[in-house]
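A short write-up of the structure that comes next.
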2 protein chains.
Amino acid sequence: MSPQLLKQLTSLKPLGAVSQPLRCVWSFYSTSAAVEPSSPSVKTAVPGPKSNALKRDLDSIQNTELVRFFVDYARSAGNYIMDVDGNVMLDLMTQIASIPVGYNHPRILKALMDPANLSTFANRPALGMHPPAQFGSDLSNTLVTVAPPGIDQVMTMACGACSVENALKAAFMAYRRRERGGNPPSQEEIQTSLKNSPPGCPKLSALSFNNAFHGRTMGALALTHTKWVHKLDFPSPNWPIASFPYLKYPLEDYVNENKAEEAKCLAEVEDKIATAQKSGQPVACIAVEPVQCEGGDNFASGQFFQGLQDICKKNGIALLLDEVQTGAGASGKFWLHEHFYLRDPPNLVTFAKKMLTGGFYYTPDMRPTEGGRIFNTWIGDPGKVVLLKTVLEVIKEDSLLARTEDTGKYLLQTLLDAQSKYPSLLSRARGLGALAAIDLPDGASRDKLVDKLCHKGIHVGVCGSRTMRLRSTLTLERKHVDVFADRFYAVLKEF
Amino acid sequence: MSPQLLKQLTSLKPLGAVSQPLRCVWSFYSTSAAVEPSSPSVKTAVPGPKSNALKRDLDSIQNTELVRFFVDYARSAGNYIMDVDGNVMLDLMTQIASIPVGYNHPRILKALMDPANLSTFANRPALGMHPPAQFGSDLSNTLVTVAPPGIDQVMTMACGACSVENALKAAFMAYRRRERGGNPPSQEEIQTSLKNSPPGCPKLSALSFNNAFHGRTMGALALTHTKWVHKLDFPSPNWPIASFPYLKYPLEDYVNENKAEEAKCLAEVEDKIATAQKSGQPVACIAVEPVQCEGGDNFASGQFFQGLQDICKKNGIALLLDEVQTGAGASGKFWLHEHFYLRDPPNLVTFAKKMLTGGFYYTPDMRPTEGGRIFNTWIGDPGKVVLLKTVLEVIKEDSLLARTEDTGKYLLQTLLDAQSKYPSLLSRARGLGALAAIDLPDGASRDKLVDKLCHKGIHVGVCGSRTMRLRSTLTLERKHVDVFADRFYAVLKEF
């Protein structure tokens, strides 16, 4: 470095005071970095030789059976991911739906390099005891501004499973508070709670749905019913499970059948609640995904969710909408449940993935009345809230909700067109915004399709038993869909 | 910014190629930042008016009852924390024992500003499917180098509770694998697992100890027995709980009594295991902290833990040592259980806090034999592993284990001296490295002492019912202990 440069830079202000010159440098530096390619480019098998070698190394430390390929994140950009063998793929799975605005978005790089954020990244606090000065305003300027309509209470958490676990706890507390009618807990409750025993640890349950996925810690896992690899060998509370609607497509051809299917499922929910009550394990909470993702991209109507809310209200049960995969703008509205026009806000809304931080929103009746009830050492990570701030700015400035709605319609039409051309291969095309899916006749043909797409530079996911799952960023455009369509048809022709 | 400066900087290499000039700039910039004060300085009540105002604001969004004060992290340095009212305190609680090398350590700031790390911070991957190119070598150069003796398998996780949850799952799987004798799971097991029912979700249990703390998600919480605020109203599996030794101090005066106490607890463990077996809920795992921290800084001897391991081996039970608070060098050895000279490595060792990333080590028999069994979207955060790399370098280069051992002895002697001068007020001085504790006659006098210390600029914690808990960084020196001692005696005189 030249002496002049060093001299100029050493005159900068100390940490804490934001240094405008250096910010300019970094702003320039970062925006010059990553440029999205215009099309995929696959040179090797996927995984290629470099990925396979890295996988062998990592496998000496941990089971890597599910590792698909290793990634060169520094050279991935926008909607394109580059693996370590130099293969460039349009990414329509985006780290299990957790990349909001693409790889190496210049605004995220800039936020990471902003000296004003440095102490937040460097000093992770015990948020419940010693929050950073700006934590309240950071929440007000981020999570509160995008809160689901009618809700203004929010807690951060580290990940999706933790968010579900703690939302459940809020529901259990609220249920028991109401049962106690404002009285404090008894000494017997306090003592038995320390021993894992009733009445302190009451026989309450949470109802979930077949094919649901809510996470893989013990409480969240008791709500999860997708694959045996998630569940086998793990003790679980025997909480009630109801059927989730399985709709016939195209929806307009099966209006009555689908209405009957949803009514049947709602009746089953009521039945399970009554049975649980009788068996001494009353339901305090119904947990449900607005769209069942891992379980097969199963959609249900707004009427179904309105019906669920009615059942909750009638029975004094909290409604937990798990928006970990569906929130953060993925549906074209910020929260997918906004499409349902519920009469009242859901009691609990969990988030993670594209929100970058985990956490949950809750109505005032779900708010703990004593300190330290929802608590752990970190309670999330303010560094992730800083990055979320940037993501929300980008969503707003670039009108990404509108773009996601538009691109989603275009993508769905692409799937519908393909389905009409290949009716024996494709069915049940469905989607909303950045969530899209289509079914194959069986799991084997689905897996073959996904693999062939990958080798043409389109990276997609799977869910359920025979569904191809697409999960894009919010920055996907029609031009990307055209690239997908081109490769998709090429693969279909080969089938 | 001058045109020349801009020109020189804009000639830098693009992202991904490490830019040496810019690294030099940031190296200089960051090392010039935070200088540790030489003594505390308290100007207002704690919390002061600014903290109280921020707390009122934040309380409109979430329950803030446990918020002690808001922190100016940019102006905190080393072992000193500065609150938003400008009060500077020697921090002997360090974010519930989760700051390894002090606030704004220049090396951590440098790592955050290193362009080579930027894409890791900007693109959080789904680690189990698409790890970054360097993830294997990052693990090999960090977590593997400090693995507990005899263990080389490790998974990252997001937080301490998640780490315990997943370590439990590894233990449950290993138990059932052995029971199946190498056979695959039956169709009945696979089907029932999706329904939360046996045999797929078996009636297994994990044994824990009175006054244990292992986290607050459902599985970890079933092992936790400290305060009712952690437990009340939450359904829990009714897993067995044994007594943890309560030792009399000074240890050298109560050798036989303490030996008898530990033998009694071990006998109780064996008894609980037999009872659980008979009741059809066999124990697959014993979870234990090497020192019970939240529960009152309860130490037990190496012989006790050797005895526990013998019981585990005899009964085919996994031993899970929860080192979330005790690991990462806090005891003067990297893992506290290294002081126990166990005959074999423990099966599972969990970590978080000062490790910056959560996770757990496991012996080969605990390794899942199918992919995706221990899995979630993020499975930790490679950005935290990057910071851990820096922390481990600092620990090694600055010989911080030796320093922690030395400073810990000096601190313990300080507590012992104070105890001998104030025998009616202080008792049971105990500690190891950065973990130290002393008891007051009751909770009220303990809380009064802690509050008075805070107003003299010494920030300490509490645990159990009447214990003052000290948890320093690994960079604490004798000079800091002298500052503590000076204020401690001043407070004791006022008592």
**Asked** For region A:341-355, which residues satisfy the criterion of being within 23 Å of the chain's Cα centre (by Cα) and surrounded by fewer than 24 Cβ atoms within 10 Å (Cβ to Cβ)?
**Response** A:341, A:342, A:344, A:345
**Message:** Looking at B:369, B:357, B:377, B:404, can you tell me which residue is in contact with a Gly (Cβ under 9 Å, 6 or more places away or on another chain) and either over 19 Å from residue B:95 (Cβ atoms) or acidic (Asp, Glu) (or both)?
**Reply:** B:377
**Request:** Scan region A:261-273 and give yes if some residue there is assigned by TED's automatic domain parsing to the domain that holds residue A:350 and touching a Lys or Arg at 6+ places or on another chain (Cβ under 7 Å), otherwise no.
**Result:** no
**Prompt:** Quick check, is residue A:152 surrounded by fewer than 21 Cβ atoms within 10 Å (Cβ to Cβ), at pLDDT below 95, over 19 Å from residue B:376 (Cβ atoms) and in the same structural domain as residue A:330 (by TED's automatic domain parsing)?
**Reply:** yes
**Item:** Among (1) over 27 Å from the mean Cα position of the chain (by Cα); (2) surrounded by 15 or more Cβ atoms within 10 Å (Cβ to Cβ), the one test that residue B:223 misses
**Value:** (1)
**Message:** Going through A:338, A:294 one at a time, which residue ends up being within 27 Å of residue A:465 (Cα to Cα), charged (D, E, K, R) and either out of contact with any Asp or Glu (no Cβ under 7 Å at 6 or more places or on another chain) or surrounded by fewer than 24 Cβ atoms within 10 Å (Cβ to Cβ) (or both)?
**Reply:** A:294
**Asked** Of all residues in region A:261-311, which are more than 22 Å from residue A:343 (Cα to Cα) and hydrophobic (A, V, I, L, M, F, W, C)?
**Response** A:274, A:276, A:293
**Complete:** Turns out the helices (runs of 4 or more DSSP H) fully within region B:343-459 with at least 3 residues that are in contact (Cβ under 8 Å) with a residue 60 or more places away in the chain are B:382-397, B:400-421
**Checklist (1) crowded, with 19+ Cβ neighbours inside 10 Å; (2) in a loop (DSSP other than H, G, I, E, B); (3) modelled with pLDDT under 95 applied to residue A:35, failing item** = (1)
**Prompt:** Has region B:141-154 got at least one residue that is within 21 Å of residue A:208 (Cα to Cα) and polar (S, T, N, Q)?
**Reply:** no
**Request:** Hand me the list of helices (runs of 4 or more DSSP H) wholly inside region A:41-158 holding 3 or more residues that are under 30 Å from residue A:337 (Cβ atoms).
**Result:** A:94-97, A:106-113, A:135-141
**Request:** Could you look through region B:189-209, keep only residues that are more than 8 Å from every other protein chain (Cβ to nearest Cβ) and in contact (Cβ under 8 Å) with a residue 40 or more places away in the chain, and pick out the one that is surrounded by the fewest Cβ atoms within 10 Å (Cβ to Cβ)?
**Result:** B:207
**Request:** Taking the options B:252, B:257, B:262, name whichever one is closer than 23 Å to residue B:430 by Cα, touching a residue at least 40 places away in the same chain (Cβ under 8 Å), more than 14 Å from chain A (Cβ to nearest Cβ) and not aromatic (Phe, Trp, Tyr).
**Result:** B:262
**Message:** Against the conditions (1) buried (at least 16 other Cβ atoms within 10 Å of the Cβ); (2) within 27 Å of residue A:109 (Cβ to Cβ), where does residue A:396 fall short? Just the number, please.
**Reply:** (1)
**Asked** Which of the residues belonging to region B:53-110 are more than 7 Å from chain A (Cβ to nearest Cβ), in contact with a Lys or Arg (Cβ under 9 Å, 6 or more places away or on another chain) and small (Gly, Ala, Ser)?
**Response** B:86, B:97
**Residue in region A:402-422 that is crowded, with 23+ Cβ neighbours inside 10 Å and of a type in the set (S, T, N, Q) present** = yes
**Request:** Among the residues of region B:172-186, count how many are at the interface with chain A (Cβ under 10 Å from one of its Cβ atoms) and part of a helix (DSSP H, G or I).
**Result:** 8
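Let's see how each residue does on (1) at pLDDT 95 or above; (2) among the small types (Gly, Ala, Ser); (3) in contact with a His (Cβ under 6 Å, 6 or more places away or on another chain):
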{"site": "B:221", "(1), (2), (3)": "yes, no, no"}
{"site": "B:224", "(1), (2), (3)": "yes, no, yes"}
{"site": "B:230", "(1), (2), (3)": "yes, no, no"}
{"site": "B:237", "(1), (2), (3)": "yes, no, no"}
{"site": "B:240", "(1), (2), (3)": "yes, no, no"}
{"site": "B:244", "(1), (2), (3)": "yes, no, no"}
{"site": "B:249", "(1), (2), (3)": "yes, no, no"}
{"site": "B:260", "(1), (2), (3)": "yes, yes, no"}
{"site": "B:270", "(1), (2), (3)": "yes, no, no"}
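For (1) closer than 19 Å to residue A:300 by Cα; (2) in contact with a strand residue (DSSP E or B) (Cβ under 6 Å, 6 or more places away or on another chain); (3) outside the structural domain of residue A:250 (by TED's automatic domain parsing), each residue gets a yes or a no:
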position: A:414; (1), (2), (3): no, no, yes
position: A:454; (1), (2), (3): no, no, yes
position: A:458; (1), (2), (3): no, yes, yes
position: A:466; (1), (2), (3): yes, yes, yes
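Okay, residues lined up against (1) on the phi > 0 side of the Ramachandran plot; (2) of a type in the set (Asp, Glu); (3) within 11 Å of chain A (Cβ to nearest Cβ):
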{"residue": "B:339", "(1), (2), (3)": "no, no, no"}
{"residue": "B:365", "(1), (2), (3)": "no, yes, no"}
{"residue": "B:380", "(1), (2), (3)": "yes, no, yes"}
{"residue": "B:396", "(1), (2), (3)": "no, no, no"}
**Item:** Filter pass, residue A:30 being surrounded by 22 or more Cβ atoms within 10 Å (Cβ to Cβ), within 28 Å of the chain's Cα centre (by Cα) and at pLDDT below 95
**Value:** yes
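The values are calculated or read from the model by the stated rules, or taken from the named source; none is laboratory data. For clarity, every value in this text was computed on a predicted model and none was experimentally measured. When we count neighbours, we look across all protein chains shown, and the Cβ atoms used for this are built from the backbone with ideal geometry, even at glycine.
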